[in-house]
Amino acid sequence: MTFLHILWFKNLMFWKVSSKRDVGMVVRNVGSFIVFGSFAVGSFYFSNFITAYLLENVRIGLFLFHRFIGMLLFVFFVTINLGNMVVSFSTLYRSPEVDFLLTSPVSYLNIFVIKFLDNFFYSSGTLFMVGFSVLLGYGYYFNLPWHFYLLMMFGVLVPFMFLAACIAVIVLLLLMKLASKVNFRLLISGIVLFYISQIYFYFQVSSPVHLVQEVMKYYPYVDLYFGTLDPMAVKILPNFWVSEIMYFYVTNNFTAVTGYTSLLVLSTAGLFIFALAIADAVFYSTWITSLTIKSLTIKSLEFKNSIFSFGKRSFFSPQVEVILKKEFWQFIREPSQWIHFVVMMALLLIFLSSVSSLNIKLETPELKAVVYLVVFIFNIFLINSLALRFGFPMMSLEGNAFWTIRSTPVTAAKVYWIKFTVVVVFLGILSIIISWLSNIPYLYIRKVVGEQPWMYSFIEPSDTVKLLSYSSMIVTPLITITLVSLNFGLGSVYSNFIEKNPIRIASSQGATMTFLLSVVYLVFLLGVYYFPATMLFTAEMKELQPDWRMLKIIFFAIGFPSVVIIAISHTVGIRSLKRDY
Amino acid sequence: MIELTNLTKSFGSFVAVNDVSLSIPSGEFFGFLGPNGAGKTTTIKMMTGLFTPTSGRIAINGFDVEKEPQEAKATFGYIPDHPYLYDKLTGREFIYYMGGLYKMERNDLKENVDRVIDLLELASWIDKKTEDYSQGMRQRVTFASAFVHKPRTIIIDEPMVGLDPRSARIVKDSLKQQAKEGASIFMSTHILEMAEELCDRIAIINKSKIIFLDTRENLHLHKTKYDGNLESVFLELTKEENE
């Protein structure tokens, strides 16, 4: 009863806030509806198009197609899992609401469940919407009946995401329990290393390029089931089960669908019960432990009397200097910032080391173009994730101390530009490195010259490949500036000075809207790049000279809308900082 | 020197500050009193650039706050009603940060940071992160950060919130010191005794309008009409407006 009572009032609060009827709120709600609605429709068409394209044009076959879905679902699963873990730490151990509830006669288990569900639904609402739109596009291509969507949404997608959240909270509870005995920094480092090694291991074991090469040996019989190619370690993962459910649904093997669905639902239920049991046993004691973890600041990074110290002189003007130093210390001393940053950088390194060592031996220009574009867009997606996670919350992180900026002789616009510069310079350099590394397999083609794999020389790439690689390396920084501007501008428009947790700010409604707009831009980039990429790979196969005008077309097609997005983002962002505070 | 001319602020149909005009000369300690929701904080937020006035003009030390905001802001220090600081900075770093925003050069800044730390007796805990501070400690750091650039005008919103008696005494003494050094002080407060003790002139705002404006001496004369108590004057004046 207590549980339902609290849930009722939380819902009431949510609806009262959501249904406020002032002009600003109505405009925002209409804007959100348009963006979310457009995105849902766009996701539907995009998923439908990609399915049709890969199966009909590139002809990768049903098996490979569903294995790619499985790999995407793995990334999705890890993202939900890590996101839930970091946000759960804040909502379970750093929340004033928990502090308040602990002083009331509500059981610890009830408090845990309320905050866990709050956390899950807060961070998963948009993913459900996107997931459903993508499923609709997929299902529409295969002309699947209504019960497919019902099963996929409630029997597959919800348990799949809930499973990721359950694992996250179990790991967190165990970590916090261990924290009373083991150094917390050591634990965090251990868990970060564990996740990184697991992701690395997954992509090593399920090597997508190897899989493509193996399946393509059986061309044109690529719709057959090549289950023997699946490594055993991959088969125990929920993302594999989901891809199997989808594969067997479209091949009408409902026995297998039932089997995998039951496995997923039962695993989720089992893990939820396990999470409840652990929470019942340790939640309160771990909450007490969390009070003793005062700070996760790395002592060796305190940089006393260094150039980062406020007392030291630099060549910057006083205002620029103190703002930069303040940003630096706020970042270094906030665990949810630097831990997340380290994890993202580590994942990025794994991805880049895999991509830069790819040995691409694909036959058709379409398939080459698809692989090239997938890597290109994934690079941009990574940059966008960093911009959303670290750029979007930057103005909000001024918090209630924003009065210091508005009441002193510094303009809010100056603070905005300083913060923007920090993010854009860092991500700009990173984007160039990423772009260069991911073009290595195209620019430095290896040819084995001896008996051992390491005995190789490099083949001079064709002019067409050079053209494509250099153009992507040049436009990537421009795309980065655009994405950082979008995240920064809208981060200011949707600034929330009350919320202190940067992860929650980066998963708020405004952040979701920004993410959706970024994805629209990414799809636009794909559209712009698709035809030149295919044409250039076709020209390469036919040993034709590249058409250098293509470069101009790419620049103009990407450059003009990017500049418009940059200008609009900064204009609305800076204007929003002049609102009454 | 502070000049408020026909200052008005509306939020939709609600008028929070209605046609307020005040003139506070240099060196004056000015008390701004009023019940909850009377318009004190809104007036102060307009003076400090946190709110844009709906109409009217604010000039601080000769600079129009709307037209020359940077010049105006360079001449005053502001202490808000809630002392929000950056949690991850230490108190000393916060004062340095504020000094930097006021464009203070390094040597001058270091000297003045040490000065305000001494003035407000912050030395024993100033190098801890502000997330570990009590409300009173935060309040004292905010005072220090407002004094660091030696402002010609100090604007304070409810200075005694959360201060223990010793901290309150330190703050009062530091304000007296600033006034003695020639700064004009605009202070909103609920504590009538404090206004009576420190202020040269007092204004009372109620329901968005100024209903009383006079010197401390004349206020004393006014008190004698009642029971000699400032609280009675305040209650009577605000009651009259309510009825």
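Computed values, structure above
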{"read-out": "Accessible surface ranking that places the most exposed of B:Thr54, A:Thr514 first, with a 1.4 angstrom probe", "value": "B:Thr54, A:Thr514"}
{"read-out": "Along principal axes, Cα extents of the protein assembly as shown, largest first, whole Å", "value": "105, 64, 52"}
{"read-out": "If the convex hull is drawn through the Cα atoms of the stretch A:318-581, its volume per residue in Å³", "value": "135 Å³"}
{"read-out": "Charge dipole magnitude, Cβ of K and R +1, D and E -1 - chain A, Cα centre, debye nearest 20", "value": "1740 debye"}
{"read-out": "Spread of Cα-to-Cα distances over 5 Å intervals beginning at zero, given as percent, for the stretch B:82-150", "value": "3, 21, 34, 25, 14, 3, 0"}
{"read-out": "Fraction of accessible area attributable to carbon and sulfur, the stretch A:318-581 (%, probe 1.4 Å)", "value": "72 percent"}
{"read-out": "Kirkwood hydrodynamic radius of the stretch A:58-102, Cα pairs, Å", "value": "13.1 Å"}
{"read-out": "Using θ = phi - 60° and Karplus 6.51 cos²θ - 1.76 cosθ + 1.60, couplings along the stretch A:388-401 (whole Hz; Gly, Pro as x)", "value": "5, 6, 10, x, 4, x, 4, 6, 4, 5, 4, x, 5, 7"}
{"read-out": "Rounded accessible area of B:Glu231 (nearest 10 Å², 1.4 Å probe)", "value": "90 Å²"}
{"read-out": "Computed label-point distance, nm, for sites A:Tyr530 and A:Phe3 using a 7 Å Cα→Cβ extension", "value": "4.7 nm"}
{"read-out": "Prolate/oblate/rounded label for the stretch A:203-261 (Cα gyration tensor, a/c 1.5)", "value": "oblate"}
{"read-out": "Charge sum, other residues only, whose C-beta stays under 12 Å from A:Phe426's C-beta, Lys/Arg counted +1 and Asp/Glu -1", "value": "0"}
{"read-out": "Total accessible area lost when A and B pair, probe 1.4 Å, Å² to nearest 100", "value": "3300 Å²"}
{"read-out": "Shape call, the stretch A:331-401: gyration tensor on alpha carbons, a/c limit 1.5", "value": "oblate"}
{"read-out": "Area of B:Val161 that stays accessible when all protein chains are in place (1.4 Å probe, Å², to 10)", "value": "60 Å²"}
{"read-out": "For chain A: accessible area per residue (Å², 1.4 Å)", "value": "47 Å²"}
{"read-out": "Förster radius 41 Å - calculated FRET efficiency between A:Phe555 and B:Thr54 (Cβ-Cβ, nearest 0.05)", "value": "0.30"}
{"read-out": "Dipole axis of the protein assembly as shown (+1 Lys, Arg; -1 Asp, Glu on Cβ), positive-most option in A:Ser285, A:Trp15, B:Pro25", "value": "A:Ser285"}
{"read-out": "Most mobile listed residue (B:Val113, B:Val15, B:Val65) in chain B, GNM with C-alpha springs under 10 Å", "value": "B:Val15"}
{"read-out": "Selected from B:Glu66, B:Glu196, B:Glu105 as most flexible by GNM, with chain B as the system and alpha-carbon contacts under 10 Å", "value": "B:Glu105"}
{"read-out": "Built amide H within the under 5 Å cut-off of B:Ile2, gap 5+", "value": "B:Ile24, B:Asn61"}
{"read-out": "Estimated FRET transfer efficiency (A:Arg579, A:Gln204; beta-carbon r; R0 60 Å; 0.05)", "value": "0.75"}
{"read-out": "Solvent exposure, largest accessible area first (probe 1.4 Å, DNA, RNA and ligands not counted), of B:Asp108, B:Asp118, A:Asp118", "value": "B:Asp118, B:Asp108, A:Asp118"}
{"read-out": "10 Å binning of all Cα-Cα separations within the stretch B:28-94, expressed as whole percents from 0 upward", "value": "17, 42, 32, 9"}
{"read-out": "Dipole of the stretch A:119-243 [Lys/Arg +1, Asp/Glu -1 at C-beta], most positive-end residue of A:Leu229, A:Val192, A:Pro208", "value": "A:Val192"}
{"read-out": "Computed label-point distance, nm, for sites A:Met541 and A:Val182 using a 7 Å Cα→Cβ extension", "value": "5.2 nm"}
{"read-out": "Computed FRET value (nearest 0.05) for A:Thr103 with A:Val192, which takes r as the C-beta separation and R₀ as 30 Å", "value": "0.30"}
{"read-out": "Label-point separation, A:Trp338 to A:Leu443 (7 Å along Cα→Cβ), nm", "value": "3.3 nm"}
{"read-out": "Options B:Met137, A:Tyr249, A:Tyr470, ranked by Cα towards positive dipole end of the protein assembly as shown, top entry (Cβ charges)", "value": "A:Tyr470"}
{"read-out": "Chain B: Cα Rg divided by the 2.2 N^0.38 Å rule of thumb", "value": "1.01"}
{"read-out": "Out-of-range pairs (alpha-carbon distance over 29 Å; input B:Lys40/B:Lys110; B:Lys9/B:Lys239; A:Lys500/B:Lys207; A:Lys500/B:Lys128)", "value": "B:Lys40/B:Lys110; A:Lys500/B:Lys207"}
{"read-out": "Area accessible to solvent at A:Phe254, 1.4 Å probe radius, in Å²", "value": "90 Å²"}
{"read-out": "Residues with amide H under 5 Å from that of B:Ala16, placed H, sequence gap 5 or more", "value": "B:Lys9, B:Ser10, B:Phe11"}
{"read-out": "For B:Phe212, residues with placed amide H under 5 Å, excluding near neighbours", "value": "B:Ile204"}
{"read-out": "Phi-based couplings in Hz for the stretch B:198-211 (Karplus 6.51, -1.76, 1.60; Gly and Pro marked x)", "value": "9, 8, 7, 9, 9, 10, 10, 10, 9, 6, 6, 10, 6, 10"}
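The values are calculated or read from the model by the stated rules, or taken from the named source; none is laboratory data. Everything numeric in this text was worked out from a predicted model, so none of it was measured. Virtual Cβ from ideal backbone geometry, glycine too; neighbours counted across all protein chains shown. With ligands, DNA and RNA removed, areas are computed over all heavy atoms of the protein, side chains included. Shrake-Rupley method; radii C 1.70, N 1.55, O 1.52, S 1.80 Å.
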